[in-house]
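Here is the structure we will look at.
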Amino acid sequence: MKKLLITLFICLLFIPCLYAEEGGDDPALIEFVSDEDLLEKQKKPFGIDDRFFELGLMKTEVVVSNNYLTIGEIFSKTLLLNIDNLRDGLQVSVGADVTPLYFNFNSHKGWGFGMSVLKLDAAGIFGLSGKILSLSEARDEKTEFSGALYASTEISGFFQIQKFKVKVKPALYYTMAYIRPNIKYTFENTSEGDRFFIDYEVFVHTAFPMENFPNQFSLTGTPGFDFSVGVEYPLSKELGLNEIIPFLDFDVGLDFINIPIVSSTTKDYMRLRGTIGSRDPFYIIDQDKEGSGEGDGGLGGVFKHNPEKTIYDESVMRIERPFKMLVSANWRPLLGSRLLTITPVLGFSLSPIYLQPVGFEGGVNATVNIVNMFIVTAGINYFDRVWINSLDFGLNFRAVQLDIGVDMRSQDFIKSWTAGGAGVRIGLRFGW
């Protein structure tokens, strides 16, 4: 009996010490580990540890989408066009995001930082309304034709304030090119004949003179400054929900992206202006010449093109990058395990390149993380006025990680499932 009591006493004395050595950096520090700390240890992903330092190369994304034709229809042997579908209008968007070099450092003690040396963002949109495509009567019907190219250097960091994880990302950026259009369509039936014309005036603002580009290049624009800030909070843990209902383990987050502080400016621009059609009344089918198109009447009036001389000049233009506000949550339904994380997102964007600057943003993503080596994310999202159905793969060996992603997309939800467009992403990371 005495031997049993002595054995129990030794166990009670040394077991806490064993837990202390397992949880601390200093073996001499004796620390009792609570049940909550043990639970947190159990939630940590087993397998490959997260990197302290990471160097990324050629992180690239290229996208294109439209709401009319699928990729299969475009590359088919026989292209069939349904004119009736054009009554809903035609929308096309393209984009690219390239970061040749970046690095991140994570202390694993609640703080870290990173930097992208150079980042290029390009976006372009083109939209024709159904009235234009169906040649319906309209006056000064506007057309979307805009784009922008930004070059930026960004510094990122995160740290803890109480239970909040705070993320900041200041950025210095140049607006390398910015397209500002004014395109209007008019078609009217009058007693004197038809009036059909498209007035266009397109300004291409650049951070360098375009008249002799690329033979001569000099940077005349000035950089802008904006920053992004976000917070994350372990809401379910602080409310005790994950203890009452174990699968209710989630964090919530709020992000403000590209808050403008100082606008980037461009000094040079190129102006294209002209008229397609005729402001003077004419008959599309010339009554005198039976539609021959000779003279000022007939179909010749529709196809008249009166361009003005291209002008290169200087004028200061102030430009900000698109702003977004997003609310999100990271829900871990498998008892807090990172094996499965579901992330809903909801918010709005403010982008001046669209005729309607304010737009809805939202969606949901699901990430499966297997021993931190195989990482798969699937999502259905609506970002930048496009429905995106994405699938991303990460293959992580800690020293090196390969990221590949593809998606189907379109401005139309149904066509986003039949590849009205596509996106491709690739990136390579090194570190330890």
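The values are calculated or read from the model by the stated rules, or taken from the named source; none is laboratory data. These numbers come from a predicted model, not from an experiment. Neighbour counts run over all protein chains shown; Cβ positions are idealised from the backbone, glycine included.
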Exactly one of 258, 242 is touching a residue at least 40 places away in the same chain (Cβ under 8 Å) and assigned to a helix (DSSP H, G or I), and that one is 242
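Take residue 372 and decide whether it is in contact with a strand residue (DSSP E or B) (Cβ under 9 Å, 6 or more places away or on another chain), of a type outside the set (Lys, Arg) and on the phi > 0 side of the Ramachandran plot.
Working: in contact with a strand residue (DSSP E or B) (Cβ under 9 Å, 6 or more places away or on another chain): yes; of a type outside the set (Lys, Arg): yes; on the phi > 0 side of the Ramachandran plot: yes.
Against the criterion (in contact with a strand residue (DSSP E or B) (Cβ under 9 Å, 6 or more places away or on another chain), of a type outside the set (Lys, Arg) and on the phi > 0 side of the Ramachandran plot), residue 372 qualifies.
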Given the criteria within 30 Å of residue 206 (Cα to Cα) and aliphatic (A, V, I, L, M), does residue 327 qualify? no
Top-ranked residue in the range 165-201 [being polar (S, T, N, Q) and out of contact with any Pro (no Cβ under 8 Å at 6 or more places or on another chain); ranked as modelled with the highest pLDDT]: 175
Report, by residue number, each residue of the range 84-95 that is touching a Leu at 6+ places or on another chain (Cβ under 7 Å) and modelled with pLDDT of 80 or more. 89, 90
Checking residue 81 against (1) among the hydrophobic types (A, V, I, L, M, F, W, C); (2) surrounded by 15 or more Cβ atoms within 10 Å (Cβ to Cβ); (3) at pLDDT 50 or above, which test does it fail? (2)
Wholly inside the range 298-414, strands (runs of 3 or more DSSP E) that include 2 or more residues that are crowded, with 18+ Cβ neighbours inside 10 Å are 311-319, 323-331, 340-350, 358-370, 374-383, 386-396, 400-410
Could you tell me whether residue 97 is part of a strand (DSSP E or B), acidic (Asp, Glu), more than 23 Å from residue 419 (Cβ to Cβ) and under 17 Å from the mean Cα position of the chain (by Cα)? no
Determine, yes or no, whether residue 204 is over 30 Å from residue 319 (Cα atoms) and modelled with pLDDT of 95 or more. no
The correct count of residues that are surrounded by 12 or more Cβ atoms within 10 Å (Cβ to Cβ) and either closer than 23 Å to residue 151 by Cβ or within 27 Å of the chain's Cα centre (by Cα) (or both) in the range 187-234 is 27
Output the number of the condition that residue 138 fails; it satisfies all remaining conditions of (1) of a type outside the set (Phe, Trp, Tyr); (2) at pLDDT below 90; (3) farther than 30 Å from residue 315 by Cβ; (4) in contact with a Pro (Cβ under 9 Å, 6 or more places away or on another chain). (4)
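Using the structure shown, decide if residue 119 is closer than 24 Å to residue 154 by Cβ, out of contact with any Gly (no Cβ under 9 Å at 6 or more places or on another chain) and buried (at least 16 other Cβ atoms within 10 Å of the Cβ). Break it down stepwise before answering.
Details: closer than 24 Å to residue 154 by Cβ: yes; out of contact with any Gly (no Cβ under 9 Å at 6 or more places or on another chain): yes; buried (at least 16 other Cβ atoms within 10 Å of the Cβ): yes.
Here the answer is yes, as residue 119 does meet what is asked.
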